[in-house]
Amino acid sequence: MEERLEASLALLRALADESRLRILGLLAGHERSVEVLAAELGLKLPTVSHHLARLRAVGLVTFRPEGNSRIYALDVEALRRLSRELLAADRLVTLAGASDGDAWDRKVLRDFFDGERLKEIPASRKKREVVLRWLADRFEPGVRYDEPAVNELLGRHHPDFATLRRELIGYRLLARDGGVYWRPAEADSLGS
């Protein structure tokens with residue numbers, strides 16, 4: 001995770017410079033030498049070489065030797081790949097880290113629980129779901145419970161176990177067939 005974040009930051013830092021963006025723009029048209037880039041940008045050779053090294057380090061620019069010079073080109077496929085990887089929604093979520101969502105869940109649980117005792121059933125759907133996921137985690141995956149066992153388990157946390165039982169089923173955090181209840185496999189991926 002840390003390595004992916006550092007790679008993303010390095011790419012963004014490389015792109016966060018006007019001269020480097022202009023170099024990429026010129027190289028998008030066609031390949032060029034350092035000397036040509038320096039003349040077109042009005043920059044000194046060492047400055048352009050420095051910028052090209054930064055762009056090469058993140059994989060956006062390639063070069064090939066030609067005589068005593070190096071000819072630089074934009075690696076269009078690498079740009080596409082890096083763009084897809086960096087800007088994909090699932091990647092952004094991963095970079096954000098799970099701690100932010102977990103922190104909000106912990107706050108909701110702190111607000112609504114006194115130890116393991118639920119003070120009240122939240123009116124807000126989003127907060128209620130956090131509480132229900134916590135309650136669903138009290139049920140062992142793969143274990144079948146009869147209704148009295150479900151009532152007893154939920155009753156440890158709140159006196160209105162019937163409402164909690166209905167809500168857990170409504171949110172599909174518990175499944176029911178006849179008088180038998182269990183935690184479905186989908187709830188494992190939702191809740192934990």
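Summarising the amide proton neighbourhood of LEU174: residues at separation of 5 or more, or on other chains, whose placed amide H is nearer than 5 Å comprise ILE169.
By the rule of a C-alpha distance below 24 Å, with chain neighbours fewer than 8 residues away ignored, the lysines paired with LYS107 are LYS119, LYS126, LYS127.
Taking the number of other C-beta atoms within 10 Å as the exposure measure, put HIS158, HIS51 in order starting with the fewest. Kindly include the intermediate steps, with their values, before the conclusion.
Details: HIS158 19, HIS51 23.
Placing the least packed residue first, the sequence is HIS158, HIS51.
I'd like the distance separating the alpha-carbon centroids of the stretch 1-52 and the stretch 126-178, in whole Å. With the stretch 1-52 and the stretch 126-178 each reduced to a Cα centre, they are spaced 57 Å.
P(r) tail for the stretch 1-71, what percent of Cα pairs lie past 15 Å? Tail of the P(r) past 15 Å holds 53 percent of the pairs. Here LYS44 is the anchor, and the aspartates and glutamates within straight C-alpha reach of less than 14 Å, apart from those fewer than 8 places off in the same chain, are GLU35. Overall, the stretch 2-95 carries a charge dipole of about 80 debye about its Cα centre when +1 sits on the Cβ of Lys and Arg and -1 on the Cβ of Asp and Glu, all other atoms neutral.
Proximity of backbone amide H atoms, modeled 1.01 Å from N, is registered between VAL61 and ARG56, ASP75 at under 5 Å, excluding neighbours fewer than 5 places apart on the same chain. Listed values for the stretch 109-123 are Karplus-derived 3J(HN,Hα) couplings in whole Hz (6.51 cos²θ - 1.76 cosθ + 1.60, θ = phi - 60°), namely 4, 4, 5, 9, 10, 10, x, 9, 9, 6, 5, 7, 7, x, 7, and x replaces Gly and Pro.
The calculated 222 nm mean residue ellipticity attributable to helices in the chain amounts to -18500 deg cm²/dmol, summing -39500 (n - 2.57) over DSSP H runs of n ≥ 4 and dividing by all residues. 3J(HN,Hα) along the stretch 144-161: 9, 10, 7, 4, x, 5, 5, 4, 5, 5, 5, x, 5, 9, 6, x, 8, 5 Hz, from the Karplus curve 6.51 cos²θ - 1.76 cosθ + 1.60 with θ = phi - 60°, whole Hz, x for Gly and Pro.
Every read-out reported here was derived from the displayed coordinates using simple, explicitly stated rules and does not represent laboratory data. Predicted model, so just to flag it, every value in this text is computed and none were measured. With ideal geometry, Cβ positions are generated from the backbone for all residues, glycine too; neighbour counts draw on all protein chains shown.
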